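None of the figures in this text is laboratory data; all of them are computed from the coordinates on show. On a predicted model such as this, the values are computed, not experimentally measured, just so you know. Backbone-built Cβ (ideal geometry, glycine too); neighbour counts: all protein chains shown.
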Amino acid sequence: MKAVIPDGIWPTMITPFKDNKIDYGVLENIVEWYIDKGVDGLFAVCQSSEMFFLTLEERTRLARTVKELARGRVPVIASGHISESVKEQREELKAMADTGIDALVLIGSRLARRDEPDSVLMKNIESLLQWIPDIPLGIYECPYPYKRIVTPELAEWLADTGRFFFLKDTCRNPKLIKEKIRKASPKGLKVFNANAATLLETLEYGAAGYSGVMANFHPELYKGLMMLRSSNPEQAKRLQSFLGFASAIEYQYYPVNAKYYMQLEGLGIRLECRSKEISGFDISHRYEIEFLHSLSAEYARAFGIPITRS
C-alpha cells in the first residue's frame with residue numbers, strides 16, 4: 001500500500017460554526033489559510049475539530065469538504081469513530097473511509113477499555129483490518145475519553161501490519177517517542193509529535209513532524225522550525241524556545257482562543273463552539289492571544305520565515 005503521509009506540519013483542524021451549524025464558507029477560508037502557511041497535510045476530523053460534539057453526518061461531510069477544498073495540494077486525513085459500541089464504530093469508520101480522505105485515523109482509546117491490556121486492543125484492530133477498506137491507516141493518542149499511549153512494542157506491531165503510516169503522539173515524553181521511532185519508523189509508521197515543548201528534540205530522534213494544537217495559531221513558525229533545523233541549528237534552538245513557551249496558551253481556553261487568533265488573521269470565523277461557552281473567554285484571554293499574534297509576526301520576521309507560502 002502506498003503511503004500518503006509526507007513529513008512536516010499537520011494541523012489538528014478547527015471547525016467553524018454559525019448558529020450551531022458548521023460554517024462551510026469560513027471552512028474554505030481556514031483551509032486556504034493553512035495551505036498558505038505552508039502546512040504539509042490536514043487532520044480534518046479530530047478532537048480539536050470538536051468531533052465528539054458532531055453527528056456522523058457532520059463528521060463525514062466535514063472530512064469530504066476539506067478533501068475537496070484541499071484540491072490535491074495537501075493530503076487530508078480524518079478520525080471520527082467516537083461511539084462506545086463496536087458495531088457503531090464500524091459504521092462510523094466505514095462512512096469516514098468512503099469520504100475520499102487519504103488516510104483513516106483510529107482512536108486508541110476507542111479500541112480497548114482503560115483497564116484492558118494491549119493484547120485486547122491488538123485483537124480488536126486485527127478484527128477491524130478484516131473489513132476496513134484498503135485505505136492507509138493511522139492511530140491517534142486522543143486524550144478523550146482517556147489517553148491510551150501507544151507503547152514502542154505496539155507501534156512496531158502496528159507498523160508490521162503494513163497498514164499504519166501515521167501516529168499522532170501525545171505522550172509528552174521525548175525518550176519514549178525516541179523508542180517508538182526506533183521500532184516503528186524504519187517499517188513505515190511515521191511518528192508526529194503533538195507536544196510543542198519537546199518537538200525539536202524529537203525531530204533530532206527522527207520524528208516526522210508536528211501535529212498539534214499550536215498549528216492552529218502560527219503554523220508558519222513550525223514550518224520554519226523544520227527548515228531551520230537543517231540550515232541553522234542555533235536559530236532553530238532559539239525558535240524552539242519561543243514555540244515551547246508559547247504553547248502554554250493551549251491550556252488557556254481552547255479552542256475558542258484559536259478561533260480568536262484566526263479572527264485576528266482575518267478569516268471571518270466566529271468564536272462559537274460546541275465544546276466551550278464563549279462567555280468563558282474573557283478580556284484577559286483576548287489580550288493574551290493578541291500579544292501572541294503580535295509576537296508570532298515578530299518572530300517570523302526575525303527568523304526570515306514567510307508569513308504565507310506565496
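Assigning unit charges at the beta carbon (Lys, Arg +1; Asp, Glu -1) and nothing else, what dipole magnitude in debye, to the nearest 20, does the chain show about its Cα centre? Before the final figure, lay out each step's value.
Values: 40 positive and 40 negative charges, 97 e Å.
Charge dipole of the chain: 460 debye, to the nearest 20.
As a quick test, which of the pairs K223/K276; K67/K147; K183/K223; K18/K276; K123/K147; K175/K259 have an alpha carbon distance above 21 angstrom in this structure?
Details: K223/K276 29 Å; K67/K147 28 Å; K183/K223 26 Å; K18/K276 14 Å; K123/K147 19 Å; K175/K259 33 Å.
Check vs 21 Å cut-off fails for K223/K276; K67/K147; K183/K223; K175/K259.
Looking at the chain as a GNM with Cα springs under 10 Å, which of G266, G100, G108 has the largest mean-square fluctuation?
G266
Quick one: among P255, P186, P11, which has the greatest mean-square fluctuation in a GNM of the chain with alpha-carbon springs under 10 angstrom?
Looking only at P255, P186, P11, the largest GNM fluctuation is found for P186.
Nearest-5 percent of antiparallel DSSP beta bridges in the chain?
Values: 2 of 23 bridges.
If we restrict to bridges inside the chain, about 10 percent are antiparallel.
Sorting K190, K180, K94 on the 10 Å Cβ count, fewest up front, what's the list?
Details: K190 22, K180 29, K94 14.
Fewest-to-most Cβ neighbours within 10 Å comes out as K94, K190, K180.
Give a residue-ordered list of calculated ³J(HN,Hα) values for region 111-118 (Karplus: 6.51 cos²θ - 1.76 cosθ + 1.60, θ = phi - 60°; whole Hz; x for Gly, Pro).
Calculated HN-Hα couplings, in order: 9, 6, 6, 4, 8, 9, x, 5 Hz.
Tell me the label-point distance for the pair S294, R270, using the 7 Å Cα-to-Cβ offset, in nm and rounded to one decimal.
2.9
For the chain, what does -39500 (n - 2.57) per DSSP helix run (n ≥ 4), summed and divided by total residues, give at 222 nm, in deg cm²/dmol to the nearest 500?
The helix contribution divided over the chain gives -13500 deg cm²/dmol.
Measure out, as a whole number of angstrom, how far apart the alpha-carbon centroids of region 187-258 and region 23-95 sit.
22
Explain nothing, just the number: dipole magnitude of region 6-55 about its Cα centre with +1 on each Lys and Arg Cβ and -1 on each Asp and Glu Cβ, in debye rounded to the nearest 20. Walk me through the numbers before you get to the answer.
Numbers: 3 positive and 8 negative charges, 32 e Å.
Rounded to the nearest 20 debye, it is 160 debye.
May I ask you to evaluate 6.51 cos²θ - 1.76 cosθ + 1.60, the Karplus curve with θ = phi - 60°, for each residue of region 250-265 and list the ³J(HN,Hα) values in order in whole Hz, giving x for glycine and proline?
Once rounded to whole Hz, the list reads 5, 8, 6, 7, 8, x, 4, 5, 5, 5, 5, 4, 5, 4, 5, 7.
So, in Å, what gap is there between the alpha-carbon centers of region 289-306 and region 107-181?
That distance is 36 Å.
Which one of I30, Q235, L292 has its Cα pushed farthest toward the positive end of the charge dipole of the chain, where Lys and Arg give +1 and Asp and Glu give -1 at the Cβ?
Value: Q235.
N195: net charge of surrounding residues, Cβ under 14 Å, Lys/Arg +1, Asp/Glu -1, itself excluded?
+2
Using the per-residue mean of other Cβ atoms lying within 10 Å as a proxy for protection, in what order, highest first, do the peptides 157-166, 67-76 fall?
157-166, 67-76
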